[in-house]
Amino acid sequence: MLGLKKHDTQLLIIVICLALFAPFLLNPFPAGSAMAQFNAGYPDLMQRFAIFGIFAIGFNLLFGLTGYLSFGHAAFLGIGSYSAVWMFKLLGYNIIPGMILSVIVSAFFALLIGYISLRRSGIYFSILTLAFAQMLFAIAYSDLIGRFVGTPITNGETGLQVYTSDPQFFHSAAKPDIPHLFGQKMQSTYTLDVGAWSFDFNFGYYFCALVLIGMFYLAIRIFRSPFGLMLRAVKSNQQRMNYTGLNTKPYTLAVFVISGMYAGLAGGLMASMDPLSGAERMQWTASGEVVLMTILGGAGTLIGPVLGAGFIKYFENIFAKINDNVLHSWFSFLPDGIEDFMVTLVHPFVGKGWHLTLGLLFMMVVIFLPGGLVQGAEKLAATFRRKDGKSDDAEAKAAKQRNPAAE
């Protein structure tokens, strides 16, 4: 299908099913039940699943294929967001021009940063990318360029947003005053109530999901192309390739720019869902987050970054909102003293302390599943295959015993 091999086609179908049926898959519990706390099928969170999935897929093209670990990829995420908001301010709320500019401007900055950073490898490359990202963060946070030219460019710590006084040359009264796709509001949501369950179908999410599917398909084609094979050779032994006289710099620079374009696209989508851009999206913590997503899911795998992005964003949004009142409702069936003890015991792992839970989960994955969640799924599938094989062998032996002439 679409020029893909059987295994890649299966992965693409899995991603399509996960993306299109997310409102059902992420709302397994009835709305009024105690377990509804763990539902994640509301539009804002689903949008983040798709957007950060795109961000992680792009990062994996660089890290997973070449082994170059960038600690500054959030810079392109922020640049994409700023670019999209500027399109909203100048042209109007149609998201297409904003997304196009996000990809172009991010590619330009990725070309500049990659050209310098890729002169070094290993930890030196990582530190260079981190340094560039922090410089861009400082410039955006202080609006240094805006001070120099005499007009706000990033609007400093307040963040860049759209005002009624902005030109918006192509905006009219007939068009929505929020981000839209040719008149269709990104925030428009249809809610389907089925018994005790409630499912939200958000236009903005499905747009992000379609972009995710397209970017995942493109990543597959890059992985399986001669270009991707060259990148894997760089990861395997770049020094040996240099000894053969082959210049690997154009290949690594090209994938760095492509990876930056993925991040810029994700930033543009973030601004399209919420037309506000701030410097916090460029901070080093955001770069570290995408590294965790890729490693947790499985660096160098195709579907791993998507799973890792969903894994982290789920815990960030679900576990972070669990407070003491929720904990008391969970343990209310226990005697008062034991109830308070259980709340005290669990409290450090939820709410503001959800990072502790994430850290423990990350440690468990790294220790027991070095290949990430994808390795865990492969081990589980292999276990079931072995069981099926054993049962088939047992049936065959029993049949032979019943009918020796069949041999």
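The values are calculated or read from the model by the stated rules, or taken from the named source; none is laboratory data. Keep in mind that what you see is a predicted model, and the values were worked out from it rather than measured. Neighbour counts run over all protein chains shown; Cβ positions are idealised from the backbone, glycine included. The accessibility values were calculated without ligands, DNA or RNA, using every heavy atom of the protein model including side chains. Shrake-Rupley method; radii C 1.70, N 1.55, O 1.52, S 1.80 Å.
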Worksheet, complete the sentence: When the chain is treated as a Gaussian network with springs between alpha carbons less than 10 Å apart, the largest mean-square fluctuation among Phe125, Phe55, Phe76 is found at Phe125
Practice prompt. Using only C-alpha positions, report the orientation-averaged shadow area of the convex hull of segment 151-261, nm², one decimal.
Written response: 14.1
Discussion item. If I build a Gaussian network model for the chain, linking alpha-carbon pairs within less than 10 angstrom, which residue out of Gly371, Gly122, Gly214 has the largest mean-square fluctuation?
Written reply: Gly122
Discussion item. As a test of the definition: which semi-axes, in Å, follow for the chain when you take the square root of five times each eigenvalue of its alpha carbon gyration tensor? Largest first, please.
Written reply: 38, 31, 23
Worksheet, complete the sentence: Length gained, Leu20-Ala174, 0.36 nm per residue minus C-alpha separation, equals 52.4 nm
Discussion item. Using the Karplus curve 6.51 cos²θ - 1.76 cosθ + 1.60 with θ = phi - 60°, what ³J(HN,Hα) values do you get for each residue of segment 370-384, in whole Hz, with x for Gly and Pro?
Written reply: x, x, x, 4, 4, 4, x, 5, 5, 5, 5, 5, 5, 4, 5
Worksheet, complete the sentence: Computed ³J(HN,Hα) along segment 230-235: with the Karplus parameters 6.51/-1.76/1.60, θ = phi - 60°, integer Hz and x for glycine or proline, the list is 5, 5, 5, 5, 4, 5
Discussion item. Pick from Tyr163, Tyr206, Tyr42 the residue whose mean-square fluctuation is largest in a GNM of the chain, springs joining Cα atoms under 10 Å.
Written reply: Tyr163
Worksheet entry | segment 254-310, Cα convex hull volume normalised per residue, Å³ | 92
Worksheet item: What's the Cα-based Rg to Rh of segment 1-151, Rh via Kirkwood?
Response: 1.06
Worksheet, complete the sentence: Residues meeting the amide H criterion for Ser198 (H placed from the backbone, H to H distance under 5 Å, 5 or more places apart or on another chain) are Ala31
Worksheet entry | Positive-end residue, the chain charge dipole about Cα centroid, Cβ charges, pick of Thr151, Ala377, Met241 | Met241
Practice prompt. Would you mind working out the accessible area per residue for segment 1-82, using a 1.4 Å probe, and quoting it in Å²?
Written response: 36
Practice prompt. Diagonalise the Cα gyration tensor of segment 262-361 and give the resulting equivalent ellipsoid semi-axes, square root of 5 times each eigenvalue, largest first, whole Å.
Written response: 33, 17, 11
Discussion item. Restricting to DSSP H runs of at least four residues, report the calculated mean residue ellipticity at 222 nm for the chain, -39500 (n - 2.57) per run over all residues, nearest 500 deg cm²/dmol.
Written reply: -22000 deg cm²/dmol
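Set the Förster radius R0 to 35 Å, insert the Cβ-Cβ distance between Phe227 and Ala31 as r into 1/(1 + (r/R0)^6), and round the FRET efficiency to 0.05.
0.15
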Worksheet item: Roughly how big is the chain's charge dipole about its Cα centre, with Cβ charges of +1 (Lys, Arg) and -1 (Asp, Glu), in debye to the nearest 20?
Response: 1740
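Summarise the accessible area of segment 215-351 (1.4 Å probe, protein heavy atoms) by the percent that is carbon and sulfur.
Exposed carbon and sulfur together represent 64 percent of the surface.
If you take the C-alpha gyration tensor of segment 1-77, multiply each eigenvalue by 5 and take the square root, what semi-axes do you get, largest first, in whole Å?
Working: eigenvalues 172, 82, 18 Å².
Value: 29, 20, 9 Å, ordered largest first.
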Worksheet entry | Under the Karplus curve 6.51 cos²θ - 1.76 cosθ + 1.60, θ = phi - 60°, whole-Hz ³J(HN,Hα) for segment 131-147, x wherever Gly or Pro sits | 5, 5, 5, 5, 5, 5, 4, 5, 5, 5, 5, 8, 6, 4, 5, x, 5
Worksheet, complete the sentence: Over segment 98-170, the quotient of the Cα radius of gyration and 2.2 N^0.38 Å is 1.38
Response to the item:
Probe 1.4 Å, heavy atoms of protein chains only: per residue, the accessible area of segment 115-236 in Å² is 59
Discussion item. For segment 293-334 and segment 83-151, what is the centre-to-centre distance using only Cα atoms, to the nearest Å?
Written reply: 30
Worksheet item: What whole number of Å gives the distance from the Cα centroid of segment 19-42 to the Cα centroid of segment 180-194?
Response: 18
